[in-house]
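Below is one structure, written out as structure tokens; the observations come after it.
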Amino acid sequence: MFSQQPWYHGNITRSTAEDLLSKAGKDGSFLLRGSESIQGAYALCVLYQNCVYTYRILPNEDKKLSVQASEGVPIRFFSVLTDLVEAYYKENMGLITHLQYAVQKEEEPEEEPEPVSLPPQLPPRNITSNESKDSHSDSSRGTDRGTELARPSISDTYIQRLQQIDISNLPEDHQKSIQEYFRSSLCLDAEQVQNGNPTLPHFKKLTQSICKNLTSEIARTLPSLEALQKVLDQPLSPGAGRIRNQHSGDANQSVAFKLEQLTKLIYSVEDKTKNAVFESVGYDGGHRKSLIPPVTFEVKCDSLGISNKMYLKVDVEGGKVYFKKSKDGPEDKYFVHNKILQLVKSQKMHNRLALVVETEKEKTQRKEFVFDDTKKREGFCQLLQQMKNKHSGKPEPDMITIFVGTWNMGNANPPQNITSWFQSKGQGKTHDDTASQIPHDIYVIGTQEDPLGEKDWIETVRGALRDITNISFKQIATQTLWSIRIVVLAKPEHENRFSHVFCDSVKTGIANALGNKGAVGVSFMFNRTSFGFVNSHLTSGSEKKLRRNQNFVSILRFLNLGDKKVNPFDITHRFTHLFWLGDLNYRVDLPAQEAENIVMKIKQQQYQDLLARDQLNIEREEEKVFLDYVEEEITFAPTYRFERDTRDRYAYTKAKATGTKYNLPSWCDRVLRKSYPMAHVVCNSYGCTNDIMTSDHSPVFATFDVGVTSQFVSKNDLSKDAQGAIKIMNCVAVLLTKSKTKFFIEYHSSCLEKFVKSPEGENQENTEGSIKVRFSGQVELTPIIADPEYLLDQHILICIKSTDCDESYGEGCVALRSAESSYTEFCIKLTHHGERTGLLTGGIQLPKSDGKQTEKLYDFIKVGDDPGAGKGKSGENTKMSSSVLATDISNPSYMGIGYKSSNQADRSPGNIMSQRTGPTSKDMTHGNLSPKKSTPSPTTKTSNPLSEDGQPPEMFDNPLYGSMSSSRGKTKPQPSSATNTMSSGLQPQNITKKPVVPSRSEGGMTGPNRPPVPMKSRPGQPQEPQPKPRDYRDSSELPSKLRQQTRQGQPKDGHHETQQPQVKMGRPLK
């Protein structure tokens, strides 16, 4: 078999193949791998003069294999790969050089089998012969329990168990049948299994005998239920018809199968009856009733420099906010929802909030309030946002809230009450009680080591949500792999907004064949926005970090979700929003003797010292896994490994036959996300529960506000609809590869009827291990709708492919919103199968629009600077279009967001893109646009603006790449703590707490790529009227005690002028 050949490497990635050949270093070195682009095809990779040449091996209709070699060389066909490889050892066969040296597979360390919770397995074979008993006894002595005697036969074992159970109340014929089975028939079934027949015929006969009356009862009951189904659902649903046909048409169906179908039918009848009754009385599960009671907040406001106490009462259902001088005072002063124009969060004071309200036509007033704490402010904001959404009158939502939860249940049934999980209550960044009753639009629940049946678990979750919200949530999708499960539930009103629902799973257990480890996934479209969710349970064990990394790549490559039209892209790029949750099993990488010290630091809430040694953080920093994913800051205790039934003690030792095993307290359970650039996403909570203690893991929750799009309806005159194309030009790619091939670009997007190919690029020499490819000319993409407002919500997926084997060498994403005002240059990171593969730069231009854009719900809350108490007079006349309500703080993780004016010096590309001194930069932007305007600003003054204290400005800390420190005008990542931690004890680390920054999707712009300081804060520069800024809302800030003080030598609120980032040569081929 060719799979055993040393030259066949299976499904390794292209970059791994290049690395192996580069290490071999001899001309004529070769290997074969599976093709990444064509199912059932292979790729022959050959090294010659330090370059890798790849040839496709394709099967024809007769499954004969041939090599796509040089033109003019006769094609030869082979039945098996071994014959093909043998033939190409000869010279002049059309390859760059003949095959000479087979590159061997790298030996992988043997996996130690970990405890596996297998699905119900058949008992071992009952061996009766003396010889076999002797053999069994001998083998048992070789185990770690070698002193044990040979085990009793399986028949004896179950007869003993049966004798311990009181079966006197069973029918006499059932007693006899059960006893007879365990005495003799069980051994016969075991013998048949040993001989290859797994049907257990004697057990089937036993169950048919016991269920004889039940079978007849099913036959009598099923027609009655089907009649009910007909009445409730005209015409008869296909499901019920299938059930009847299966029951009546196949008498050999098992009783379990019939019962399962019967159960499904009963549930269906129950649901339809409820729906019919609810609809007849106008009841919709409580959603439109007074679900959210009025909530009153105590606040302080400044009037003439004096701080006064007052009360804000929010009536979500009534759509009003009351301003009261006392808690029980009159409610005569209020603002209706449509008169509350904007909420502006203070950046500096996390409990301060400004309300911008309309007092009379086109006149506004700004009211400043200080809440008791940040959580109260966030609760108030969420209630007002819910009120705006409820009374907006929009037929389709432009923002929804999503709950994402993960819990390793430890193979134990859940407690009676799990509502705290779905209310985001416990440790970390949690919801305020005032907002805990607000239902989320979608709930995504991932479990591992889940002992319940699918139906039982779904009903448990729906029951808990019904208790909290009085809403009966609809099941959208579920997928189970052994004990790994993902469930998606949604509000009933959204049921028809879901489409293109796909589910899949990938096994990553031992030899990638066992499903005790692996992933399940669900994807769907919500109106016009795509979502993907992955729940994974990765390899356990502190020392198996590399195996976990391999698990991640396997899931990334082989989980089959989303639109099949974008086959060149893995799940990283297939969805507007991708959430990855689960028991990822990454540990705190410290010696076992540090266990007590770790527990002490947890009690003191010194989490940052431990997070610096967190394996997942280290691996992400080194770009080995979860490249460009975002995780909210962790401010809760490690979620593993607790003693069950308490959260006060960690059980970090485990006695095993081979000795004591240490499971140090760790953040095994995580939620990460990755969104298209400039897509709106804000994390409102991230933490774990305190009161669910049946497992050795605590449940983890995360909640998000997510922007969504719907079917676009143009406001323009259809007869004069905007015409024009998306123009992409001047593209240059730097690819980390030693392949000798030509390249072209494919452009994919839901706004295009079909993907578009660019002309072939021109290869240019670059540094060792990379190729520079220049794509001259201009590519025009014709959108299905040319309305500029529609295009601003769209994204272009870019894939660079080779001409010889049609395989991808890098993918990225460009947000069209970044080119909203004029021709804009972009710089995006390229990745492939989770690895950094290069950089693509170019320019983009959209059709122009003079129309006003539709405001989104998520623009209602912004983040702004503090103007100072009493600066603006009450009732100051201001037009909303020109008032500076908040600073234009855009997503720090992407460049060029919403910059509408090309005449501001601070927005030139030099000020936005980070400076890197060499090819090792990690700060390539993925999916972002650096707005290099075609017309430079005439007001440019200096490339290094100073803050008021004359120091260079401070860089915000980036959640993805760690803290930033400044030195001589340059910025560089603060080195993370050493990855080799086993040899040293736990020492206090210089940890940088990252301030929370407003965001649309936070997955791309890194390090110092920050929005500029507002003009008014720059000394010596006149303040100009600014257009109404686009701002993509801050996630809620952490308490001030968790934030780091400004570092010495770093001033506030500034930015550096920097140069365009260079690609990180993270994988040089030697």
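Return the FRET efficiency for the residue pair residue 101, residue 765: r is the Cβ-Cβ distance, R0 is 25 Å, and the value is rounded to the nearest 0.05. If you can, show how the numbers build up before the last one.
Numbers: r = 27 Å, r/R0 = 1.08.
The pair residue 101/residue 765 has a calculated efficiency of 0.40.
Using a 7 Å offset from Cα along Cα-Cβ at residue 754, what residues in segment 25-52 end up with backbone N under 16 Å from the label point?
Flagged as within label range: none.
Just in segment 554-626: which GluC sites (Glu not before Pro) are loop by DSSP and have at most 14 other Cβ atoms within 10 Å?
On the way: sites: 594, 596, 619, 621, 622, 623; in loops: 622, 623.
Answer in residue order: 622.
Anything over 25 Å Cα to Cα? Flag those among 300/390; 544/624; 327/425, in the order listed.
Details: 300/390 28 Å; 544/624 14 Å; 327/425 27 Å.
Long pairs (Cα-Cα over 25 Å): 300/390; 327/425.
Could you check the spin-label model distance between residue 50 and residue 218? Points 7 Å from the Cα along Cα→Cβ, value in nm.
So the two model labels end up 7.1 nm from each other.
Filter the trypsin sites (Lys or Arg not before Pro) in segment 14-45 down to the DSSP loop ones having no more than 15 other Cβ atoms within 10 Å, then list what survives. Present the calculation step by step, with values, prior to reporting the outcome.
Numbers: sites: 14, 23, 26, 33; in loops: 26.
Answer by residue number: 26.
Report the FRET efficiency, 1/(1 + (r/R0)^6), for residue 326 and residue 543, where r is their Cβ-Cβ distance and R0 is 60 Å, rounded to 0.05.
Working: r = 63 Å, r/R0 = 1.05.
Here the calculated transfer efficiency is 0.45.
Under the √(5λ) rule applied to the eigenvalues of the Cα gyration tensor, what semi-axes describe the equivalent ellipsoid of segment 566-606? Give them in Å, descending. Provide the component values of the computation, followed by the final result.
Working: eigenvalues 299, 31, 9 Å².
So the three semi-axes of segment 566-606 are 39, 13, 7 Å.
Taking the Cα atoms of segment 468-565 alone, what are Rg (to one decimal) and Dmax (as a whole number) in Å?
Taking only Cα atoms of segment 468-565, I get Rg and Dmax of 15.5, 47 Å.
Using per-residue counts of other Cβ atoms within 10 Å, averaged over each peptide, order 816-826, 744-754 from highest down. It would help to have the intermediate numbers written out before the result.
On the way: 816-826: 22.6, 744-754: 17.6.
Ranked from most to least packed, the peptides come out as 816-826, 744-754.
Cβ under 12 Å from residue 32's Cβ, residue 32 left aside: what net charge do those residues give with Lys, Arg +1 and Asp, Glu -1?
Details: positive: 33, 56, 105; negative: none.
Here the count lands on +3.
Using 0.36 nm times the number of residues separating residue 166 and residue 656, minus their current alpha carbon distance, what extension gain do you get?
Working: separation 490, 0.36 × 490 = 176.40 nm, distance 3.55 nm.
Length gained between residue 166 and residue 656: 172.9 nm.
Please go through segment 1-98 and write out the GluC sites (Glu not before Pro) that DSSP classes as loop and that have at most 16 other C-beta atoms within 10 Å.
Those that pass, being in a loop and sparsely packed, are 61, 71, 91.
Of all the Cα-Cα pairs you can form in segment 630-773, what percent are over 18 Å apart? Write out the running numbers ahead of the final one.
Numbers: 7846 of 10296 pairs.
So the pairs more than 18 Å apart make up 76 percent of the total in segment 630-773.
So for segment 756-862, what percent of the C-alpha to C-alpha distances run longer than 22 Å?
On the way: 2423 of 5671 pairs.
Tail fraction, whole percent: 43.
For the full complex of protein chains and a 1.4 angstrom probe, list 429, 348 by accessible area with the highest value first.
Working: 429 10, 348 140 Å².
Correct descending sequence by accessible area is 348, 429.
Among 531-539, 545-553, 779-787, what's the highest-first ranking by average C-beta atoms within 10 angstrom per residue?
Ranking, from highest mean packing down: 531-539, 545-553, 779-787.
What number in nm² do you get for segment 351-407 if you take the convex hull of its Cα atoms and divide its surface by four? Kindly include the intermediate steps, with their values, before the conclusion.
Numbers: hull surface 25.0 nm².
Average of the hull's projected areas for segment 351-407 equals 6.3 nm².
Contour minus end-to-end for residue 622 and residue 774, with contour as 0.36 nm per residue of separation and end-to-end as the Cα-Cα distance? Show your work: numbers first, answer last.
Numbers: separation 152, 0.36 × 152 = 54.72 nm, distance 2.90 nm.
Between residue 622 and residue 774, full extension yields 51.8 nm more.
Could you rank the peptides 329-336, 159-166 by their average count of other C-beta atoms within 10 Å per residue, with the highest value first? If you can, show how the numbers build up before the last one.
Details: 329-336: 13.0, 159-166: 10.2.
Order by mean packing, descending: 329-336, 159-166.
Say each of residue 427 and residue 159 gets a label point 7 Å from the Cα, pointing the same way as Cα to Cβ; how far apart are those two points in nm?
5.3 nm
Which value in nm describes the separation of the simple spin-label points at residue 557 and residue 203, placed 7 Å from the Cα toward the beta carbon?
That separation, rounded to one decimal, is 3.7 nm.
Using Cα-only point scatterers and the Debye equation, what is log10 of I(q)/I(0) for segment 432-474 at each q in 0.23, 0.27, 0.33 Å⁻¹, rounded to two decimals?
Values, matching the q order: -0.86, -1.04, -1.24.
For residue 309 and residue 195, compute 0.36 nm times the residue count separating them, minus their Cα-Cα distance, and round to one decimal in nm.
Details: separation 114, 0.36 × 114 = 41.04 nm, distance 8.27 nm.
Computed gain between residue 309 and residue 195 is 32.8 nm.
If the limit is 19 Å between Cα atoms, which of 517/654; 363/848; 388/474; 26/90; 313/375; 376/856 go over it?
Numbers: 517/654 21 Å; 363/848 31 Å; 388/474 24 Å; 26/90 17 Å; 313/375 16 Å; 376/856 24 Å.
From the list (517/654; 363/848; 388/474; 26/90; 313/375; 376/856), the Cα-Cα distance tops 19 Å for 517/654; 363/848; 388/474; 376/856.
The values are calculated or read from the model by the stated rules, or taken from the named source; none is laboratory data. Every value quoted in this text rests on a predicted model; they were computed, and no experiment measured them. Positions of Cβ are generated from backbone atoms using ideal geometry, with glycine treated the same way; all protein chains shown enter the neighbour counts. Note: areas computed on protein heavy atoms with side chains; ligands, DNA, RNA excluded. Shrake-Rupley method; radii C 1.70, N 1.55, O 1.52, S 1.80 Å.
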